[in-house]
Amino acid sequence: MTHFIPKLAVVGLVASASFVLAQDYNAAPPMGQLNAALSDDRTLFNVTIDSRPDDDLLELGRLVAMGGAQKGGSGMACIACHGANGQGDGSGAFPRLAGQAGWYSYKQLMDYASGARPNPIMSGIAQRLTEREMEAVAAYYAAMDSPYLPVLGDVPASLLQWGGQLGAVGSAERGIPACVNCHGAAGSGLPPSVPYLAGQYATYSAYQLKLWRDGVRNNDAMNVMSSIASKMTDEDMKAVAEYYARVRPMLPVAGE
Amino acid sequence: MAERTLPKTDIVIIGGGWTGLTVAYEMAHEGKKCVILERGEHRHDATSFGGPEEHDELKYALHYKHMVDVKKETLTFRNGRDQQALPMRRLGSFLPGTGLGGAGIHWNGQLWRPLPSDLNMRSHYEERYGKGIFSDDLTVQDWGVTYDELEPHFNFFERICGTAGASGNLNGEIVPGGNPFEGRRSADFPNPPMVQPVAPRLFAKSAENMGYSPFPFPSANVTKAYVNPYGAQLHPCTYCGFCERFGCGYFAKADPIICVYDRIKEHENFEIRFESQVLRVNKSADGKTATGVTYLDADGVEVFQPADIVCMNAFSLWNVHLMLVSELGTAYDPATRTGTVGRNYAYQTLAGVDVFFDDQVFTNPFMGAGALGMVIDDFNGDNFDHAGLGFVGGAYVACSQTNGRPISYQPTPEGTPAWGADWKRAVRENYLHHAGLTVHGSSMSTHENYLDLDPTWRDAFGRPLLRMTFNFPENDRRMADYVMNKTAEIARNMDHVTSTRASSLAAQDYSIVPYQTTHNVGGAVMGTDPKTSVVNRFGQMWDHHNVFVFGACLFPQNVGYNPTGPLMGLAYWTIAHMKSDYIPNPRPLMDA
């Protein structure tokens, strides 16, 4: 039987380092390693609707990530901002994609293209990809298991505590459901449709919550996130975002 | 004698579920000091029902962690008076809740109104078909209240829950896409219907082709961000598939905690005491009124809480039990057919048809919600001609998609062995290609189905256990067969069907072991004649005018619908008359 145990839940409560890593294009994981992840839930679970992801799909995904593709490519390589290993960028402007639920990433590309999730950079990129290429690049990043960049910034422990509380049990007083309801224990995500929060950059997560609250981002199936975000203060958003930036997802380990 | 006597309160309320919290909300705003005594513990949607912990099928669906503890309180059961009743030591057929919110926490959110003709059932049928329509064993009677009287209250409760659905009769006008048989609605549903999955769509298509009128399940699984009339904010449902037997951590299934409790808990006239087990209702020396209730507090101290008004808001079975152990009213005696408390206990008559599809149809059962599905009402109540059928009543037929949970959802076609490699293969092959059609039928009351006190067994507090004597009446067995066969026709007419499998729980004697439904009704029924009812048409006890009774125990027989909508309509009706008629001048509101 396989049990899930938290792997050192919160890292670097107060991180003092404040540097941003430049993208290292040689950090792309070898394809053999990615092929091994094809049977992983994040990759396998409904990345595509009609067929299982295979190594051809991953090859295409790598091509898209590097900036090439059928219609002349997206015009911009994913790796330029999100990194060859999907780590994103420590600045938080560009989210971590490595290991993100494949179908979720694919749907985000579709929504960028349609305008359901408007973004001046991503919308133009997504519109230049075919649907197959969106699937491919989503599968490519889903298959990755990349290390985490150091968490930046000094955050008071009380804020992290509040974020952890909102994440775990929400707020009965203000009617805010807990993040773990949908985003899984320790924010590990629930593929195919619910993204992980653990290890995602705080500025990115907090900004998304604001976009939901303001009605700019409106692309989850049942409009659940807008209802939740509308009850949250800026402080709440910062708290959960900073908390989850420091949580690492639970990893399956052999149990007793 | 109680060890302690507390200062008097205006209203003492037994039970902190849908009806109890609602009475407290309304009466606290009326300036009355309300005290709720809840036997279970405090809990809250945000802190108690969040996933992933709440989505533990074993703990909640199979080990019943939100349900009553049968080691403390249970009942004894037998099929007939010639049998020895034995205690129910494990929950099965029905699942009463405990704790804040009561069974309103683990309901599915299937929120119905009764048909107008359901409420004057005896006179309606006798007028249409003649007196012979009822067989002699049936004790069906009118409710003493009409649909039009209750309509504003049904309407209001639907708003409390943010109910999602499609109207079929809006102010007398039949609206396509809704239930054409329903009573007049004075307002549309507050929220649009749920998004229907594949199987319910196939069912609706088949039913429509056969001339029936499918419509979306009226659902308290909310479809949009919504603020109810009390100010509670509800969120859209995520179709997670954990409604029945679970609390909702998403604020999406309307429940008494978020819809009512959160909006009243800070009020100066409101108080709730948890872990307070009411033992009996106390009567005055002349027996004409109640003086308050005696309960065991959290420390095990016996406390007397005096009150001007006693409201009985426990689960329907426990309301009847409390009346019997408190000697309120007169207990029903089936030998002489006299007395009323315990009389006309009824249930719900369920049948179903499993439908299996070929591999072109993916039903994705894990995408579910408690009240997600499509329904037809063509065979419910008196919506169809009963002449010559040999029964009264009916059932709605629903293709609902509540869950695809791994332990309990293992549909296999007829002929599959019950275990082993072939069974495993069949589960694998059919999990994504199955739909369940539910036949949810009425239950008629009889002289022989009743509740009384058990002569042998006692609960943890030394009180005699409630004894249930129940079997399916012949009338209901026929009804279930009839509607089940109609349902099987619809099933076979669905696209991509490979096989169907029909079964009726009423085909055998009633058993309390397999789960059927928690729709236990009657036992303290309402009416206009004190010889055949415990409370008058306002929910007030005939024998004790300051005792008001709430819940499904008021139903003289069961309708073909889920009881929460009807019983909450009655609750608001009773509350309205308490406010306008009783409190200004406390007295019997009807002459006996």
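In summary, the protein assembly as shown shows an alpha-carbon radius of gyration equal to 1.02 times the 2.2 N^0.38 Å reference for compact globular proteins.
Using C-alpha pairs below 8 Å separated by at least 6 residues, the relative contact order for segment B:150-199 is 39 percent. Our summary gives segment B:487-592 a relative contact order of 21 percent, counting only alpha carbon pairs under 8 angstrom and 6 or more residues apart. Computed over all pairs of different Cα atoms, the Kirkwood value for the hydrodynamic radius of segment B:506-592 is 14.1 Å. In angstrom, the C-alpha Rg and Dmax of segment B:104-154 are 14.2, 43.
Taking 26 Å as the straight-line reach from the Cα of B:LYS424, the lysines in range (excluding those fewer than 8 positions away in the same chain) are B:LYS59. Under a 5 Å amide H cut-off, with hydrogens placed 1.01 Å from N, B:THR5 pairs with B:PHE304 among residues at least 5 apart or on other chains. Sum up the charges of everything whose Cβ sits under 12 Å from the Cβ of B:GLY144, counting Lys and Arg as +1 and Asp and Glu as -1, but leave B:GLY144 out. Local net charge: -1. In this simple spin-label approximation, B:GLU489 and B:GLN360 carry label points 7 Å from Cα along the Cα→Cβ vector, and these lie 2.4 nm apart. Could you point to the residue in B:GLY104, B:ALA576, B:CYS399 farthest towards the positive end of chain B's charge dipole, with +1 and -1 charges on the Cβ of Lys/Arg and Asp/Glu respectively? Projecting each Cα onto the dipole axis, the largest value belongs to B:GLY104. With 21 Å as the limit on Cα-Cα distance, the pairs of A:LYS210/A:LYS231; A:LYS238/B:LYS253; B:LYS253/B:LYS579 that go past it are A:LYS238/B:LYS253; B:LYS253/B:LYS579. The fraction of Cα-Cα pairs per 10 angstrom bin, counted from 0 for segment B:333-438, comes to 12, 31, 25, 19, 10, 3, 0 percent, rounded to whole percents.
Packing-based ranking of B:10-22, B:199-211 yields B:10-22, B:199-211, ordered from highest to lowest mean Cβ neighbour count within 10 Å. Taking label positions 7 Å along the Cα-Cβ direction at both B:THR338 and A:ARG174, the computed distance is 6.5 nm, reported to one decimal. Peptide A:171-179 has a mean of 6 when you count, residue by residue, the C-beta atoms of other protein chains within 10 Å of its C-beta. Once the C-beta distance of B:GLU414 and B:ALA507 is scaled by a Förster radius of 25 Å, the resulting FRET efficiency is 0.95 to the nearest 0.05. On the beta carbon distance between B:ARG425 and A:GLU59, with R0 = 30 Å, the FRET formula returns roughly 0.30. For chain B, averaging the sequence separation of C-alpha pairs within contact (under 8 Å, six or more residues apart) and dividing by the residue count gives a relative contact order of 22 percent. Counting every other Cβ atom within 10 Å of each residue's Cβ, B:CYS161, A:CYS81 order from fewest to most as A:CYS81, B:CYS161. Taking the DSSP bridge list for the protein assembly as shown and keeping only pairs wholly inside it, about 70 percent are antiparallel. Cross-link partners of B:LYS72 among aspartates and glutamates, defined as those whose alpha carbon lies under 19 angstrom from its own and excluding same-chain residues fewer than eight positions apart: B:GLU38, B:GLU41, B:GLU275, B:ASP297, B:ASP299, B:GLU302, B:ASP452, B:ASP454, B:ASP459. Normalised by 2.2 N^0.38 Å, where N counts its residues, the alpha-carbon radius of gyration of chain B equals 0.92.
Rounded to 0.05, the FRET efficiency of the B:SER284 and B:LYS59 pair, given R0 = 41 Å and the Cβ-Cβ distance, is 0.35. Work from the charge dipole of segment A:157-250 (Cβ charges, +1 for Lys and Arg, -1 for Asp and Glu, about the Cα centre) and give the residue of A:ALA157, A:TYR243, A:LEU190 farthest towards its positive end. Of the candidates, A:LEU190 comes out farthest on the positive side. Along its principal axes, segment B:414-528 has C-alpha extents of 54, 37, 20 angstrom, given from the largest down. All C-alpha pair distances within segment A:157-250, sorted into 10 Å bins from zero, spread as 18, 56, 25, 1 percent across the bins.
DSSP bridge analysis restricted to chain B gives an antiparallel fraction near 70%, rounded to the nearest 5.
Every read-out reported here was derived from the displayed coordinates using simple, explicitly stated rules and does not represent laboratory data. Just so it is clear, the structure is predicted and the values come from calculations on it, not from any experiment. Virtual Cβ from ideal backbone geometry, glycine too; neighbours counted across all protein chains shown.
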